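Scroll down for the structure; my scribbles are underneath it.
The values are calculated or read from the model by the stated rules, or taken from the named source; none is laboratory data. From a predicted model like this one, the values you see are computed outputs, not experimental measurements. Because the Cβ atoms are built from the backbone with ideal geometry, glycine has one as well, and the counts that use them run over all protein chains shown. The protein model used for the area step is the full one, side chains on, heavy atoms only, and it has no ligands, DNA or RNA in it. Shrake-Rupley method; radii C 1.70, N 1.55, O 1.52, S 1.80 Å.
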Amino acid sequence: MVGFLSNQWYAAATAQELGEKPLGRRICNEPIAMFRRRDGSVAAVTDRCPHRKVPLSIGCVVGDDIQCAYHGFQFNGSGACTLIPSQKDVPTGAFDIRSFPAVEKYALIFVWMGDPGRADPALLPDFHENDSPGWSAAHGYLRVAANYQLLIDNLLDLTHLPFVHKTSLAGPGIVENPIRVEVAGDIVRARRDMPNVDPAPIHRVLRHFPGKIDRYQDFEFRPPVYIHLNLGANPAGSDEDRSIPHHVVMNSLTPETETSTHYFWSIAQCVNPDPAVMQKLYEMNKMAFDEDTGILEAQQAAIDADPHGPPLGAVAGDHAGVLARRILTRKLAEEAAGTP
Amino acid sequence: MVGFLSNQWYAAATAQELGEKPLGRRICNEPIAMFRRRDGSVAAVTDRCPHRKVPLSIGCVVGDDIQCAYHGFQFNGSGACTLIPSQKDVPTGAFDIRSFPAVEKYALIFVWMGDPGRADPALLPDFHENDSPGWSAAHGYLRVAANYQLLIDNLLDLTHLPFVHKTSLAGPGIVENPIRVEVAGDIVRARRDMPNVDPAPIHRVLRHFPGKIDRYQDFEFRPPVYIHLNLGANPAGSDEDRSIPHHVVMNSLTPETETSTHYFWSIAQCVNPDPAVMQKLYEMNKMAFDEDTGILEAQQAAIDADPHGPPLGAVAGDHAGVLARRILTRKLAEEAAGTP
Amino acid sequence: MVGFLSNQWYAAATAQELGEKPLGRRICNEPIAMFRRRDGSVAAVTDRCPHRKVPLSIGCVVGDDIQCAYHGFQFNGSGACTLIPSQKDVPTGAFDIRSFPAVEKYALIFVWMGDPGRADPALLPDFHENDSPGWSAAHGYLRVAANYQLLIDNLLDLTHLPFVHKTSLAGPGIVENPIRVEVAGDIVRARRDMPNVDPAPIHRVLRHFPGKIDRYQDFEFRPPVYIHLNLGANPAGSDEDRSIPHHVVMNSLTPETETSTHYFWSIAQCVNPDPAVMQKLYEMNKMAFDEDTGILEAQQAAIDADPHGPPLGAVAGDHAGVLARRILTRKLAEEAAGTP
């Protein structure tokens, strides 16, 4: 799969990352400079001064404008050039730059990479657990030198847990139990039930279990790059309500280039408000995602080194990933054809 | 602008850099090995042994020859192979290499990259303040990962001072006052007068000013890569003689490759003989040129990442730089056409 | 010379390097994963899982199989896929990978890169001094960023010793005395006699010489990448038997890519059983081969930077190397033509 969906929101930063200074990030191969206006609202413009091409993100914020670090040109959040210090007038339009719709939601900053007129808030992923009352959340960011689709594959096929995350997320029952997958429009949902198994290390952090557990994993993929994981563990055989998530992992797998990805992840839980529990949970996930990074970067390097080889193989564990790829491929073709 | 002027002197080293060992540097994409003969004179030859292609500059000097580090082949300053250790005879001419006219002047070593018969000392830049009586000078070298023309642009448009060099060279009046530019043959001269302004930090190092100053910047660009800056500061309204420079910055912006530059800079002043003043002046300029390097390398990276984008923009501050580029473009076309 | 001989054994590791964990190495541009079965025998397979292309060598050994680090697929030493954890069955053949004949001999592991049916033990180099009674041996490994042929050239032209290895292997008589070369089929043999010379530093480590020595170097090159050096030093004028080697250096110059080489070297001697002598000998050779690496990598970089330049030159010292290149060129042409 080559290319990126354009008319989509992409997570571009955590809300906390963007303070008083601009932040530059390449998103879908486009350099983007984000900054906050005085009212805290977020703006995103092309990260390249039209004068000498210096990245605007290495400059600073002046009022509601971003100022170039080189000759002090200023641009507002709509991309209009508002000041050229070495001359009195700003020629109308000649030095304007592209701006991108940007919103802050669920403790993340999302940027719309396509036609601004079509920027639809309804397409934002539902990551409300990041900042909802009663939930504790922790955030992480990793730059992974691998195509974003490889990260989607990784998260939709958790049969890698026993092999990659031996001391944290691994546990019996994962490879033994099938995943059930359904597609609803552009959404892939999947579920794996693992009844009557020993708790994985991460379950023991969150809650005390005297014996076996009923473990389950609910997956929701929505284009272009969002995966919501609902990770459940109840005492084996109990009739605890499973309709309400209590431990989720939310993943934004934003393409930087064709071979690198900004991975924004967060874990949220409403089981145990103890900050020490949250810290431990963060560390365990951080270690796990670092382990994934090692695998994914080795995978990308092997793919790059084998340009004429066969495509990736697929087995039972890849069921959800294959369907997600199919949706992305269809939507890329639709965008290429100009179909909404 | 692509390519380099060939029939020109390029600064290739400071005189102090070249001691008893050879020094290798890529100049205009040509690997050059410089060395000193026993009488101290400088030789420059292709930095590649014709036997196994090993760089001669990692070898040593033997008498008046440079010796290859691998099998001990020797070459004199004219490029003639004088010794092949594993055989008795040196086949005439078969292992000779190219030599380049080289001179030491103004504490710099210059190498002529074109037709040796046209190596004209009159084309050397006048950087006499580097080693004239009554002047104190300090030298610096930076390798900058940016095309040399971007460095020329930088030095001919000092409206970047208030933004890039906030704590050293910045000061009021720079962006507010126009630059007056004139072209005389291949030379671009420019001047900016900034009357009745507060002294910049660097002025306070050199001299005590009780109040405002009349500040001025005189620029002289001469091809291919030389910029002489005459930086003046007199007490505001005084009738001090402005015809004689007292604080100059001399810049050689020698191309290494299309995207990297050897930047040789020196500052010289005849105001204050105190070595501590010179040390402070050196540190301030060093910091400023490091700041420029950060900007210039970000600029080059942005240009490289935007191969199909529009060209660089130009505004009032770029007047001198635009004229310098025009001269270089014309001279490159002349060389391509075989016109002297 | 471009490309690699295929129907050949290549040293791929020292025996000691391959323990309980798999070892991955690119050989002739092919990624190879080596591992030991429970009986200690060596297997070699393509270092790329057919499922998601992750290198198998970052996995582990399970029984007689190598296990992928990502989703736990297993493969035996013949390359057959034996386990896919996320499903019950392994589809016959669909996930099999290539295996390579591999043998352990002379303290090295050799892998056959061509048609397995033609893997001929008679083509292994005779490096028996590595593990013969009465001999002490030490092994080294260097990854050198240079084409393997440049390393062959280096070892077949020891006139570089006085220039590159001034404090270890250098000595009088090397460049002054000719090398005599003979070709027997695919083998190049050469000899240089250096009568009545001062001992080099390395000779003094091995044995006490009261005066001058008769020094000699016997070379044997055999395709694709093996050079056996027999380095002799007898008291000058003595009638010591020279037919039996007592100090040898064995070199395997295995291509990693077109521009990088796995250099496996060993020294062996039957003169002095003192471990301190062996340690000193090891250190001296290690230093010397590090010196070679510096030269060879500078050479490769200079070749890469000069793609349109003339070919490498050759002089008297290159006689053996030229003949070795001729054999390799002929054999490459034979392989390309399908001739055995």
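What to note about this one:
- Any hit, region B:248-256, residues being open to solvent by less than 60 Å² (accessible area, probe 1.4 Å), within 14 Å of another protein chain (Cβ to nearest Cβ) and either modelled with pLDDT under 95 or assigned to a strand (DSSP E or B) (or both): yes
- Within region C:49-91, the set of residues being touching a Gly at 6+ places or on another chain (Cβ under 8 Å) and of a type in the set (Lys, Arg) comprises C:ARG52, C:LYS53.
- Here A:TYR70 meets the list (1) surrounded by 24 or more Cβ atoms within 10 Å (Cβ to Cβ); (2) part of a loop (DSSP other than H, G, I, E, B); (3) of a type in the set (Phe, Trp, Tyr); (4) more than 14 Å from every other protein chain (Cβ to nearest Cβ) almost entirely, failing just condition (4).
- For region C:85-125, a residue qualifies if it is in a loop (DSSP other than H, G, I, E, B), in contact (Cβ under 8 Å) with a residue 24 or more places away in the chain and either in the same structural domain as C:SER266 (by TED's automatic domain parsing) or open to solvent by less than 60 Å² (accessible area, probe 1.4 Å) (or both), and the qualifying residues are C:PHE95, C:ILE97, C:PRO101, C:TYR106, C:ALA107, C:MET113, C:GLY114, C:ALA119, C:LEU124, C:PRO125.
- In region B:42-67, the residues that are in contact (Cβ under 8 Å) with a residue 12 or more places away in the chain, in a loop (DSSP other than H, G, I, E, B) and open to solvent by less than 40 Å² (accessible area, probe 1.4 Å): B:ASP47, B:CYS49, B:PRO50, B:HIS51, B:ARG52, B:VAL54, B:PRO55, B:GLY59, B:GLY63
- Residue in region B:187-206 that is open to solvent by 60 Å² or more (accessible area, probe 1.4 Å), in contact with a helix residue (DSSP H, G or I) (Cβ under 7 Å, 6 or more places away or on another chain), assigned to a strand (DSSP E or B) and touching a residue at least 40 places away in the same chain (Cβ under 8 Å) present: no
- Filtered residue count, region B:146-186, keeping only those that are of a type outside the set (Ser, Thr, Tyr) and surrounded by fewer than 17 Cβ atoms within 10 Å (Cβ to Cβ): 10
- Test result for A:LYS53, at the interface with chain B (Cβ under 10 Å from one of its Cβ atoms) and among the basic types (Lys, Arg): yes
- Subset tally (residues that are among the aliphatic types (A, V, I, L, M) and over 13 Å from the mean Cα position of the chain (by Cα)) for region A:128-149: 4
- Any hit, region C:286-293, residues being more than 25 Å from the chain's Cα centre (by Cα) and away from every other protein chain (no Cβ under 14 Å): no
- Every pair of residues 6+ apart whose Cβ atoms lie under 7 Å, when the first sits in region A:301-328 and is over 21 Å from C:PRO91 (Cβ atoms) and outside the structural domain of A:GLU176 (by TED's automatic domain parsing) while the second is open to solvent by less than 30 Å² (accessible area, probe 1.4 Å) and in a helix (DSSP H, G or I): none
- Within region C:259-277, if we keep just the residues that are aliphatic (A, V, I, L, M) and more than 15 Å from the chain's Cα centre (by Cα), the residue that is nearest to C:PRO245 (Cα to Cα) turns out to be C:VAL271.
- Some residue of region B:288-295 being without any contact (Cβ under 8 Å) to a residue 60 or more places away in the chain, part of a helix (DSSP H, G or I) and charged (D, E, K, R): no
- Identity of the residue in region B:303-327, in a helix (DSSP H, G or I) and of a type in the set (Gly, Ala, Ser), that ends up surrounded by the fewest Cβ atoms within 10 Å (Cβ to Cβ): B:ALA316
- Identity of the residue in region C:6-41, of a type in the set (D, E, K, R) and either under 18 Å from C:SER260 (Cα atoms) or open to solvent by less than 50 Å² (accessible area, probe 1.4 Å) (or both), that ends up nearest to the other protein chains (Cβ to nearest Cβ): C:ARG26
- Within region C:131-149, not a single residue is part of a helix (DSSP H, G or I) and among the β-branched types (Val, Ile, Thr).
- Extreme residue, least open to solvent (accessible area, probe 1.4 Å), among residues of region C:223-237 that are touching a His at 6+ places or on another chain (Cβ under 8 Å) and either closer than 25 Å to C:TYR10 by Cα or not in a strand (DSSP E or B) (or both): C:ASN230
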